[in-house]
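Colleague: Submitted below is the structure of interest, expressed as structure tokens.
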Amino acid sequence: MVSKTSPPQKVGPVRGRRDGFGKRPVYMAKTALISGITGQDGSFLAELLLDKGYDVYGIIRRSSSFNTDRIDHLYQDPHEKGTRLHLVYGDLNDSSSLNTILRQIHPDEIYNLGAQSHVRVSFDIPEYTGEVTGLGTVRLLEAVREAGIRPKFYQASSSELYGKAVETPQTETTPFHPRSPYACAKAYAYYITLNYRESYDMFACNGILFNHESERRGETFVSRKITRAATRIKVGLQEKLYMGNLDAQRDWGYARDYVEAMWMMLNTDRADDYVIATGETHSVREFIERAFGYLDLDWQEHVEIDPKYFRPAEVDFLRGDASKARRELGWEPTVSFDRLVKLMVDHDLQLAKQETEATEMQHVAVAKARWESL
Ligand code: NAP
Ligand code: G4F
């Protein structure tokens, strides 16, 4: 299942380690395992770790169509020598696959980013969300114990844990009040990670990350839904954007900055939990105004409310205080809200233009085909 590689070109910290094929050379790169490598964060994290000289293994799910778009640019032919990115089939709902992967790979670091990560969808599929997003974490932690290895472990915890937040800004000590099946599942994952740190002395960390977006964000999350629609409206591909609660407020950062924080947490002396956030809050309405304004469009002419996007319980306001991460890890966000919106709009405008060109070519082809049939 897993293709083992020859020693990589770049060398990370020196360590010796056993693997399924006996003793490997003493001088070798670190190995990282990422669940959720095909997602927004997984793709940026894979890039970061490859740049740092890691061997990277990513767990992918079997899918009837390709779902590796975000990592296609990192593809390395497994038949070549020195391949450092490897994809292995597995699922957070399937303990035996996790056990096999860990027995074979013996990673130095595990990043558990896999999840059913959509809050609104979690109200439609609460049980499944609990399985993947909650129990998936304990399956992976148990697989670590069963393999008898001691990797460092990162858990993708979320600011959704604060939900109906009891204080502002939210810190590592703010009590949780989850407001969705997703957040309840993440609460289980948070506490089981903490429990394995305390029970088995595992180097296990929770990164409590506030919303982070990018040009690779899934298109049904609010930021990308807005930038995709605004740019498609700009080039005439659509007329309307249907939205839910415009009053919700979020602390939005840039995903590339946030995956750096994940790595920092596993590469410091002591395992701990950290809030990662910008400390600035903006409403969904402001995001829309900014994106449409940047394109010289009047958003009020295009945006309509569709109640189907409202949630049974909403998280009204989030603002994080990342001073612990700043102090102990030296982490800082580098991308402002304004720059984030612009970089996403710029990216999606190119996409929209390509879509227009493709549509025009299709029209020509259809028109030609019609003439040819005369
Ligand atoms: P994402 O784009 O939705 O990616 C989720 C990843 O999980 C995908 O690779 C997906 O694979 C994988 N996955 C889903 N179900 C799985 C299963 N049963 N077994 C194995 N893998 C599975 O999420 P993201 O934005 O990159 O976020 C990464 C993690 O951070 C998630 O755990 C999310 O809940 C958490 N988080 C995100 C934010 C944020 O603002 N982005 C903030 C806080 C925490 P497919 O491609 O096959 O679907
Ligand atoms: O973009 P969203 O769907 O993200 P949400 O719910 O904050 O969750 C994201 O961030 C969490 C971190 O806090 C992650 F843990 C989680 O995995 C995910 O990445 O919605 C943001 C806000 C919500 O208040 C929502 O009600 O936007 C509001 N909204 C208004 N109209 C909408 C829409 N959200 C979506 N997805 N679609 C709408 O049409």
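FYI, it's all coordinate maths here, none of it is from the lab. Bear in mind the structure is a predicted one, so any value in this text is a computation, not a measurement. Every residue, glycine among them, receives a Cβ derived from its backbone with ideal geometry; neighbour counts consider all protein chains shown.
Colleague: Can you sort TRP299, TRP252 from fewest to most other Cβ atoms within 10 Å of each residue's own Cβ?
Modeller: Values: TRP299 21, TRP252 25.
Least to most surrounded, the residues fall as TRP299, TRP252.
Colleague: Consider all pairwise Cα distances in the chain and report the whole-number % of them above 28 Å.
Modeller: Values: 33595 of 69751 pairs.
Percentage above 28 Å: 48.
Colleague: Calculate, in nm to one decimal, what GLU172 and GLU301 gain on full extension: separation in residues at 0.36 nm each, minus their alpha carbon distance. Walk me through the intermediate numbers first.
Modeller: Numbers: separation 129, 0.36 × 129 = 46.44 nm, distance 4.15 nm.
Stretched out fully, the GLU172 to GLU301 stretch lengthens by 42.3 nm.
Colleague: How large are Rg and Dmax for region 34-174 when calculated on the C-alpha trace, in angstrom?
Modeller: Just the Cα atoms of region 34-174 yield Rg and Dmax of 16.2, 54 Å.
Colleague: Using θ = phi - 60° and the Karplus form 6.51 cos²θ - 1.76 cosθ + 1.60, what ³J(HN,Hα) does each residue of region 146-163 get, whole Hz, x for Gly and Pro?
Modeller: Listing the rounded values in order: 5, 6, x, 10, 10, x, 7, 10, 10, 10, 7, 7, 9, 5, 4, 4, 6, x Hz.
Colleague: So what J values fall out for region 304-319 if you push phi through Karplus, 6.51 cos²θ - 1.76 cosθ + 1.60 with θ = phi - 60°, rounded to Hz, Gly and Pro as x?
Modeller: With coefficients 6.51, -1.76 and 1.60, one gets 10, 8, 10, x, 5, 8, 6, 9, x, 9, 10, 9, 6, 8, 9, 8 Hz.
Colleague: In region 75-118, whose amide N lies under 16 Å from the spot 7 Å out along Cα-to-Cβ of ARG150? List them in ranges.
Modeller: Taking a point 7 Å out along Cα→Cβ of ARG150, the residues of region 75-118 whose backbone N falls under 16 Å are 106-110.
Colleague: Further question: Kirkwood Rh over Cα pairs of region 206-365 into Stokes-Einstein at 4 °C, 1.567 mPa s: D in µm²/s? Kindly include the intermediate steps, with their values, before the conclusion.
Modeller: On the way: Rh = 17.1 Å.
Translational D for this selection: 76 µm²/s.
Colleague: With respect to the cross-link table entries LYS308/LYS342; LYS52/LYS225; LYS225/LYS342, which display a Cα-Cα separation exceeding 21 Å?
Modeller: Values: LYS308/LYS342 28 Å; LYS52/LYS225 32 Å; LYS225/LYS342 14 Å.
Check vs 21 Å cut-off fails for LYS308/LYS342; LYS52/LYS225.
Colleague: By a straight-distance test (C-alpha under 15 Å), which aspartates and glutamates pair with LYS234 as possible cross-link partners, with residues fewer than eight away in the same chain excluded?
Modeller: In chain and number order, the partners are GLU289, ASP296, ASP298, GLU301, ASP346, ASP348, GLU355, GLU357.
Colleague: Sticking with this structure for a sec: Taking neighbour counts of Cβ atoms within 10 Å as a proxy for exposure, in what order, fewest first, do VAL222, VAL259 appear?
Modeller: Fewest-to-most ranking of VAL222, VAL259: VAL222, VAL259.
Colleague: Also: Ranking PHE310, PHE337, PHE44, PHE66 by Cβ neighbours within 10 Å, fewest first, what do you get?
Modeller: By the 10 Å Cβ count, ascending: PHE66, PHE310, PHE337, PHE44.
Colleague: Short version: ³J(HN,Hα) in whole Hz for each residue of region 196-213, in order, from phi by Karplus 6.51 cos²θ - 1.76 cosθ + 1.60 (θ = phi - 60°), x for Gly and Pro, what are they?
Modeller: Those phi angles translate into 6, 5, 6, 6, 10, 6, 6, 7, 10, 10, 9, x, 8, 8, 7, 3, 9, 10 Hz.
Colleague: Would you grab the residues whose amide H sits under 5 Å from the one on TYR89? Only those 5+ places off in sequence or on another chain, please, with H modelled 1.01 Å from N.
Modeller: Placed amide hydrogens put ILE60 under 5 Å from TYR89.
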